[in-house]
Amino acid sequence: AIPLVSVMYAGRIGDLELAGATLGNSWATVTGIALMTGLSGSLETLCGQGYGAQVYRMLGVYLQASIITSALFSVLVSLLWLYTEPLLIFLHQDPEVSRMAAVFLRYTIPAQFAFGFIQCILRFLQTQSVVMPLVAFSLLPLVFHVGITHASVHYLGLGFAGPAMSTSLSLWLSFIMLASYVMLSTRFKQTWGGFSTEAFQYVLPGLKLAVPSAMMVCFEYWAFEILVLLAGLMPDSQMSTSIIAMCANTESISYMITYGFAAAISTRVSNELGAGNIDKAKKALKVTLALSLLLGVTFLLLLGLGHNLWAGLFSKSEAVISAFASMTPFLIGSVVLDSTQGVLSG
């Protein structure tokens, strides 16, 4: 939600800024966010089964190994982001929009590292059925982000760079809060034994699970985000890029909830399998599928009735709002289908 807020504030500056921020955010998703999300997915299996088998000490070791992996890949992604403008132009994107996207990503590079680390800690906590603290540590940085992004755009004079800088600051705040909670809380005295060099021994073995997980997540994200790049090939590239990216961002909001269901079912199933309870694992899957269908119907109603209000958060342009309305039926169908697919992928 934090990157989405930044895109919204950038879009309120102007149509070019909206196109640049949405293209930059999509490029970040394709090359970084999807990768980090997928790499951390190995912890759902490793930590979930370790917790179910009561091998608690290894959860902290797996967490550190995954963070090391995320850091290494984040360095590679950051180097790629430095060449965003020529790469997007090579992909036949509008030069002005590509330039704005490159500016947006340049200030988002620190956020890439924080996002990867956050994903690792989230998996570590989810496998231990820690829920409410995650809600608090997600909500507080989001509230902070809205405030600092508003200030950066309207009061500090940072302009288009402000939302991107705010994203980095807010995500690092979120990571620091989560890391402090894990290290200082007595709740994790069995699963977090402090920093250990043993973690380096599990980096390569962890990649055997992390890479397939990353590929699966990347392919799913790319299926949506590649539409943004294709939109940049159309005649009115600023408008088409903005509309398609708005649809992709809306889909991502829905998928965040679906991914929460997927993480929950992955944790529950891995815990039950680790404890040898196969029937309970099957029952948990059925319940989660039913909830995912309910989620799809809910989004159907919300988008069907409030699409103009939602589009107005991205842009003041009536043309943009009207164009988004024409895409709403297709977006609804995608959300409903993806709500079930996301759970099954978990």
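Readers should treat all values here as calculations from the given coordinates under stated rules, not as data from a laboratory. Since we're looking at a predicted model, the values are computed, not measured. Cβ coordinates were reconstructed from backbone atoms using ideal geometry, including for glycine residues, and neighbour counts include every protein chain displayed.
Rounded to 0.05, the FRET efficiency of the Thr197 and His92 pair, given R0 = 56 Å and the Cβ-Cβ distance, is 0.75. Look at Asp279, Asp338, Asp15 and count the other Cβ atoms within 10 Å of each Cβ; fewest to most, that gives Asp279, Asp15, Asp338.
Exposure proxy check: Val320, Val228 ranked by fewest other beta carbons within 10 Å?
Values: Val320 21, Val228 27.
Sorted ascending by nearby Cβ count, the order is Val320, Val228.
Farthest toward the positive end of the dipole of segment 1-210, out of Leu173, Ala19, Leu105, is the Cα of Leu173, where the dipole comes from beta carbon charges about the Cα centre.
Relative contact order of the chain, please, whole-number percent, based on alpha carbon pairs below 8 angstrom and at least 6 residues apart. Here the relative contact order equals 28 percent. Quick one: angle between helix 132-154 and the longest Cα principal axis of the chain, in degrees between 0 and 90, rounded to 10, please. Approximately 20 degrees, to the nearest 10. Helix 2-11 axis versus longest C-alpha principal axis of the chain: approximately 0°, rounded to the nearest ten. Taking the Cα centre of segment 1-210 as origin and assigning +1 to Lys and Arg Cβ atoms and -1 to Asp and Glu Cβ atoms, the resulting dipole is close to 620 debye.
Using the count of nearby Cβ atoms within 10 Å as a rough guide to exposure, how do Thr298, Thr29, Thr288 rank from fewest to most? Don't jump to the answer; show the numbers that get you there.
Numbers: Thr298 14, Thr29 23, Thr288 20.
Result, fewest neighbours first: Thr298, Thr288, Thr29.
Full extension of the chain segment joining Ser138 with Val75 gains 20.2 nm, where the gain is 0.36 nm per residue of separation less the Cα-Cα distance.
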